[in-house]
Amino acid sequence: MPVHFSLYFLTSFTNLIDRVTATAFIFAFFMSFLIFFYAFFNETYPMKPTQNHKPQMFDPTAKMPPVDTASNADANLLHQSTVTLEGMPKVSELQKLQSDNRTARKPFQWQFLLPQYWGIWLGVALILPLIYLPLRYQFKIGHFLGKLLFGLIKSRRADTLTNLSLAFPELSEDQRLEMAEKIFINAGVGVFESLCAWYRPDVFTRCVTVSGLHHVKNAQSQGKAVILLGIHSTLLDLGGRLTTIFTPLDVVYRPQNNALLDWFIFNARSKVYSDQISHRDMRHFAKNLKDNHVVWITPDQDFGLKQGVMADFFGVPAATLTAPRRMAKLGNKANPPAVMILHFYRETPDEMPKGRKPHYHIIFSPIIDNYPTEDELADAKRINQLLENYIRIDPTQYMWFHRRYKTQPTGIRYYR
């Protein structure tokens, strides 16, 4: 009798799971249909502009607002709705490329249909349709996703809190905890910012201002290549997309460990950048510099001391890549590349009232004079200090969940 009862229970439970799974897929399909219908209707019958409004220009000389909940809630930071006026060029139309041909795409592999990749396909199927929702609702979902991951991924949360305790020892434990949660929220919102940057860039039309662009243009007018040093921001690919409004951009990338994820991201970025250069392909990098391209790299992660030196980052020794100084020597010897910092961030909070859009700002720093020098360590310290200065504009938009201080002398270990 117990055996029959167990079999009956197991069969009933299996049937229940099948029904729940089927219901979930039907619901997801139905929601996807509604979202695509909304997007089609919105594109076919667009909202009429109600006012001729230009976003407030960013003043780089003004004092930056403090990074806390109160300042983020300040209504003065919210720009009015940036409805695209008739005849206003869209982001996709303004984008500048080195040529008419974007970077080549990676071919699809049939192995991507194997069960080991089904989880990624399911995630894409569930999340990608959501980018056709209004940005306000995407940000709400990203906000929820960030808070959810902050509670679930304990190891990353612990790494983030460790990094913040090292970089911001002056803050209390409660302040760092609040800051860490905000970092995850920005990362959750960044998922939708990046997806829209790849597939719906025109939703960000008239949402960006820039300062320091003349530094890039002056270098280009002198026949120089330009190397832009950046950080791993939570809105990484959106920042890249918005930058291409003002200048063509190549990007140095590190291939993903998962082949399907690498294929997906690489091909999505092929819509954005003029060229993608593997971080191991220095010959490709050197060729683009000799062709006077603008190349963007993010040298702010810990890859050990085989590729770097120990230099202070937020006052704590960290393994720092020396690749930028080597790359700066690969271009035209008679007219070496101009090296500068590229930074971008969201000026508005992630929680937007109805009828408002986010606003972003891009900064091109002045050319870094006398770089590189013969002193490898001094160069690394200098770059770290410059990157730190820009991160401090809003530290919650930096990916602090990476193990930035992983490499340390024997006997020192910050992470579990």
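Miscellaneous remarks
The rows are residues; the columns are (1) closer than 17 Å to T243 by Cβ; (2) without any contact (Cβ under 8 Å) to a residue 60 or more places away in the chain; (3) of a type in the set (K, R).
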site: H293; (1), (2), (3): yes, no, no
site: G315; (1), (2), (3): no, no, no
site: K329; (1), (2), (3): no, yes, yes
site: P336; (1), (2), (3): no, no, no
site: M340; (1), (2), (3): yes, no, no
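- Which listed residue is crowded, with 22+ Cβ neighbours inside 10 Å and either acidic (D, E) or not in a strand (DSSP E or B) (or both), from L342, L289: L289
- Members of the range 221-259 that are closer than 21 Å to N335 by Cα and either part of a strand (DSSP E or B) or not hydroxyl-bearing (S, T, Y) (or both): Q222, G223, K224, A225, V226, I227, L228, L229, P248, L249, D250
- Single match in P317, P358, P395 (criterion: surrounded by fewer than 20 Cβ atoms within 10 Å (Cβ to Cβ) and either of a type in the set (D, E) or touching a strand residue (DSSP E or B) at 6+ places or on another chain (Cβ under 7 Å) (or both)): P317
- Residue in the range 102-113 that is part of a loop (DSSP other than H, G, I, E, B) and either modelled with pLDDT under 70 or in contact with a Pro (Cβ under 6 Å, 6 or more places away or on another chain) (or both) present: yes
- Just one residue in the set D250, D300 is touching an Asp or Glu at 6+ places or on another chain (Cβ under 9 Å), closer than 26 Å to S211 by Cβ and touching a residue at least 60 places away in the same chain (Cβ under 8 Å); that residue is D250.
- Residue ranges of helices (runs of 4 or more DSSP H) in the range 122-220 with at least 1 members farther than 25 Å from K406 by Cβ and acidic (D, E): 173-199
- Test: Y405 is among the hydroxyl-bearing types (S, T, Y), touching a Leu at 6+ places or on another chain (Cβ under 8 Å), over 30 Å from Q222 (Cα atoms) and surrounded by fewer than 16 Cβ atoms within 10 Å (Cβ to Cβ): no
- Within the range 273-327, the residues that satisfy the criterion of being touching a Ser or Thr at 6+ places or on another chain (Cβ under 7 Å) and charged (D, E, K, R) are D275, D302.
- Against the conditions (1) within 19 Å of V189 (Cβ to Cβ); (2) surrounded by 21 or more Cβ atoms within 10 Å (Cβ to Cβ), H232 satisfies every one except (2).
- Residue among L195, L177, L238, L228 that alone is more than 30 Å from G315 (Cα to Cα) and of a type in the set (A, V, I, L, M, F, W, C): L195
- Pairs are defined by a Cβ separation below 7 Å, a sequence spacing of at least 6 or placement on different chains, a first member in the range 150-166 that is closer than 19 Å to V189 by Cα, and a second member that is among the β-branched types (V, I, T); the pairs so defined are T160/I183.
The values are calculated or read from the model by the stated rules, or taken from the named source; none is laboratory data. Predicted model only: the values in this text are computed from it and were never measured. Please note: Cβ atoms are built from the backbone with ideal geometry, for glycine as well, and neighbour counts cover all protein chains shown.
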